[in-house]
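The values are calculated or read from the model by the stated rules, or taken from the named source; none is laboratory data. What you see is a predicted model, and the numbers here were worked out from it, not measured in a lab. Positions of Cβ are backbone-derived with ideal geometry, glycine not excepted, and every protein chain shown enters the neighbour counts. Areas reflect the complete protein model, heavy atoms only, side chains present, ligands, DNA and RNA absent. Shrake-Rupley method; radii C 1.70, N 1.55, O 1.52, S 1.80 Å.
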Amino acid sequence: MNDEFYMQLALDKAWEYQLRTYPNPAVGAVVTLNGTILAIEAHQKAGTSHAEVLALLSAYEVISQNSIDFDPMNAQKAHQFLRALPQSFFSECSIYVTLEPCSHEGRTPSCATLLALLNLKKVFIGIKDPISGHGGGIGIVGRGTPPPTVKVGVLAEECEALLEPFMIWQKRAFVLFKLAQTVNGRIGGGYLSSKNSLKHVHQLREVCDTLLIGGNTVRTDRPTLDCRFTDGTAPDVVIYSKKDDADRKIPLFAVKNRTVTVTDQLNFMETPSFVLVEGGEGMLKALKEKIDWMLIYQTPKLSTNQLSYNIDMNLQFLHQAKKDVDLIIWSRQVGH
């Protein structure tokens, strides 16, 4: 197995949590011992343990054959536990991480400082942290005793793609258009996706700043747009419509603790944020120049439903995976 193989495993794991870590970036990590995979983990939620920490905790359990007795998502406890291990515990291990380990202390302690203390044999990094003031992790990692072998740039292009939303929402809104379709490109007509795919959508709704929908969707489907499949907090909703004629008695307006706004303006997208768009052909055409990525849930069905979409867009596939029976396709719009 080569370095790219292990880094790809880290990337695949990170994609499982893409955007769910907002406002943090998606990051994956793999720990190996003499080529044997001990752990494959990813950062899961902002404010919780980072990918490197989760991978090291899992590797500890494999090596020691003991289970930890605390919540691994608790970053403070996780760092304290790992720091207390004998300095030689991970000395023959290697770690692969898609993004340079963090050097700064924030809601979680510095992962770079932790890796230096643990004296790993080799550290493989996908890309350097591109955010000003966030770098320096590589230098800190190299201060281990003895210094580990550090290699930067493993699958760098793929790691940059994973990080793209994080870079965009530093400057303006990152706009993700979500679409569910059959194999023959039909949309609408009730739920198309599997329960696992629906849960994934609700996980994204939980963390987005704004859920953007069109006026026709509100008038025709009379949706709720909550997070009932995850028991999460429903997002604020913006209805993009020239007419404010939505029926305020539909479930959409009955969800507690959220704001629903009707507007024909999109200037809110100039503010750094995460905007999730759910809609059909009308919204796709209206927002064509604003969309950064598309997330397509393709279900293994053929449908006679005539509702589809016709639009010219150039897409670059970034990642795909199966969730239950559905194929989930992440793609970037190019040439706009």
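When each of Ala286, Ala254 is tested for being small (Gly, Ala, Ser), over 30 Å from Val334 (Cβ atoms) and either out of contact with any Cys (no Cβ under 8 Å at 6 or more places or on another chain) or without any contact (Cβ under 8 Å) to a residue 40 or more places away in the chain (or both), the lone residue that passes is Ala254. Evaluation of Phe229 against the conditions (1) touching a residue at least 60 places away in the same chain (Cβ under 8 Å); (2) out of contact with any strand residue (DSSP E or B) (no Cβ under 9 Å at 6 or more places or on another chain); (3) open to solvent by less than 90 Å² (accessible area, probe 1.4 Å) shows that the sole unmet condition is (1). Restrict the check to the stretch 91-108 and report whether at least one residue is farther than 22 Å from Leu163 by Cβ and either touching a Phe, Trp or Tyr at 6+ places or on another chain (Cβ under 6 Å) or surrounded by fewer than 22 Cβ atoms within 10 Å (Cβ to Cβ) (or both). Yes, the stretch 91-108 contains at least one residue that is farther than 22 Å from Leu163 by Cβ and either touching a Phe, Trp or Tyr at 6+ places or on another chain (Cβ under 6 Å) or surrounded by fewer than 22 Cβ atoms within 10 Å (Cβ to Cβ) (or both). When residues of the stretch 205-246 are filtered for being farther than 28 Å from Lys288 by Cβ and modelled with pLDDT under 90, how many remain? Total satisfying the criteria: 0. Here the condition is being touching a strand residue (DSSP E or B) at 6+ places or on another chain (Cβ under 7 Å) and more than 21 Å from Glu16 (Cβ to Cβ); of Leu117, Leu211, it holds for Leu211 alone.
Going by the structure shown, is Ser308 under 17 Å from Phe177 (Cβ atoms), in contact with a helix residue (DSSP H, G or I) (Cβ under 9 Å, 6 or more places away or on another chain) and open to solvent by less than 60 Å² (accessible area, probe 1.4 Å)? Don't jump to the end; show me each part of the working.
On the way: under 17 Å from Phe177 (Cβ atoms): yes; in contact with a helix residue (DSSP H, G or I) (Cβ under 9 Å, 6 or more places away or on another chain): yes; open to solvent by less than 60 Å² (accessible area, probe 1.4 Å): yes.
Answer is yes for this residue.
Here's the yes/no breakdown for (1) over 19 Å from Phe5 (Cβ atoms); (2) touching a residue at least 12 places away in the same chain (Cβ under 8 Å); (3) in contact with a helix residue (DSSP H, G or I) (Cβ under 8 Å, 6 or more places away or on another chain):
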{"site": "Cys102", "(1), (2), (3)": "yes, yes, yes"}
{"site": "Gly106", "(1), (2), (3)": "yes, no, no"}
{"site": "Thr113", "(1), (2), (3)": "yes, yes, yes"}
{"site": "Asn119", "(1), (2), (3)": "yes, yes, no"}
{"site": "Asp129", "(1), (2), (3)": "yes, yes, yes"}
{"site": "Gly135", "(1), (2), (3)": "yes, yes, no"}
{"site": "Ile140", "(1), (2), (3)": "yes, yes, yes"}
{"site": "Lys151", "(1), (2), (3)": "no, yes, yes"}
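For Gln44, indicate whether it is open to solvent by 60 Å² or more (accessible area, probe 1.4 Å), in contact (Cβ under 8 Å) with a residue 24 or more places away in the chain and closer than 23 Å to Cys159 by Cβ. Judged against the criteria, Gln44 is not a match.
Output the helices (runs of 4 or more DSSP H) that fall wholly within the stretch 137-218 and possess 2 or more residues being open to solvent by 40 Å² or more (accessible area, probe 1.4 Å) and closer than 30 Å to Lys301 by Cα, or say none.
Values: elements: 137-141, 156-168, 195-207.
It comes to 195-207.
Just one of the listed residues (Leu198, Leu179, Leu155) is at positive phi, more than 14 Å from the chain's Cα centre (by Cα) and in contact (Cβ under 8 Å) with a residue 12 or more places away in the chain, namely Leu155.
Here Thr36 fulfils each of the conditions (1) surrounded by fewer than 18 Cβ atoms within 10 Å (Cβ to Cβ); (2) hydroxyl-bearing (Ser, Thr, Tyr); (3) within 17 Å of Trp293 (Cβ to Cβ) apart from (3).
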